[in-house]
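Structure record follows, encoded as structure tokens.
The values are calculated or read from the model by the stated rules, or taken from the named source; none is laboratory data. Please read all numbers here as calculations on a predicted model, not as lab measurements. Cβ placement follows ideal geometry from the backbone for every residue including glycine, while neighbour counts extend to all protein chains displayed.
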């Protein structure tokens, strides 16, 4: 019986030592976050993040891009730049300009295609104004498209519809459905 008590006491002492050691380690860790948590500022998918961005590029067609945004994140593997509070100024080779604004934008750096969402507006150099909640710029055809409701206004007319294709090179606008027009724009 004495042997069982010694073994039991030994096991209890070892368990107590392990518990005390674990408690000491736990108390030492209280209030401390792992170092990786402090260093992890961006998503693993983001290669670069900057504030107050201004990016300018002249394309092969002679068209000049100026992209300004509150913040931008670049994901190299996806060839994707993501913008918050974005303004895009397109200067055509003939000097015509279009300014597009929106809450968020996505720019494919390989295809040069862009999407803008949230409170989207387009203003041309002659004052024509388009509003929608989402649009896509297709670089291959140099056109702006949306499948959402859109309103076009100028000094003399207000036209609304659903869906639009706007050819930048031909400066031709096509509203796709539910078209309504009234005189006396803005």
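Can you say whether residue 3 is out of contact with any helix residue (DSSP H, G or I) (no Cβ under 7 Å at 6 or more places or on another chain), modelled with pLDDT under 55 and surrounded by 10 or more Cβ atoms within 10 Å (Cβ to Cβ), as far as the supplied structure shows? No.
Take the conditions more than 25 Å from residue 124 (Cβ to Cβ) and either in contact (Cβ under 8 Å) with a residue 60 or more places away in the chain or assigned to a loop (DSSP other than H, G, I, E, B) (or both) and apply them to residue 51. Does it pass? Against the criterion (more than 25 Å from residue 124 (Cβ to Cβ) and either in contact (Cβ under 8 Å) with a residue 60 or more places away in the chain or assigned to a loop (DSSP other than H, G, I, E, B) (or both)), residue 51 does not qualify.
In the range 95-105, the residue that is surrounded by the most Cβ atoms within 10 Å (Cβ to Cβ) out of those that are modelled with pLDDT under 90 and in contact with a strand residue (DSSP E or B) (Cβ under 8 Å, 6 or more places away or on another chain) is 98.
Within the range 135-144, the set of residues being assigned to a strand (DSSP E or B) and either surrounded by fewer than 17 Cβ atoms within 10 Å (Cβ to Cβ) or in contact with a helix residue (DSSP H, G or I) (Cβ under 6 Å, 6 or more places away or on another chain) (or both) comprises 136, 138. Restricting the first member to the range 166-186 and to residues that are at positive phi and surrounded by 14 or more Cβ atoms within 10 Å (Cβ to Cβ), and the second to residues that are at pLDDT 80 or above and in a strand (DSSP E or B), the beta-carbon pairs closer than 9 Å and six or more apart or on different chains are 171/124. Here's a check for you: in the range 106-119, which residue that is in contact (Cβ under 8 Å) with a residue 24 or more places away in the chain and within 25 Å of residue 154 (Cβ to Cβ) is surrounded by the most Cβ atoms within 10 Å (Cβ to Cβ)? The qualifying residue surrounded by the most Cβ atoms within 10 Å (Cβ to Cβ) is 116.
A residue that is over 26 Å from residue 79 (Cα atoms) and exposed (fewer than 14 other Cβ atoms within 10 Å of the Cβ) cannot be found anywhere in the range 157-165.
Do we have residue 71 as surrounded by fewer than 19 Cβ atoms within 10 Å (Cβ to Cβ), more than 13 Å from the chain's Cα centre (by Cα) and assigned to a strand (DSSP E or B) here? So residue 71 does not fit the description; no.
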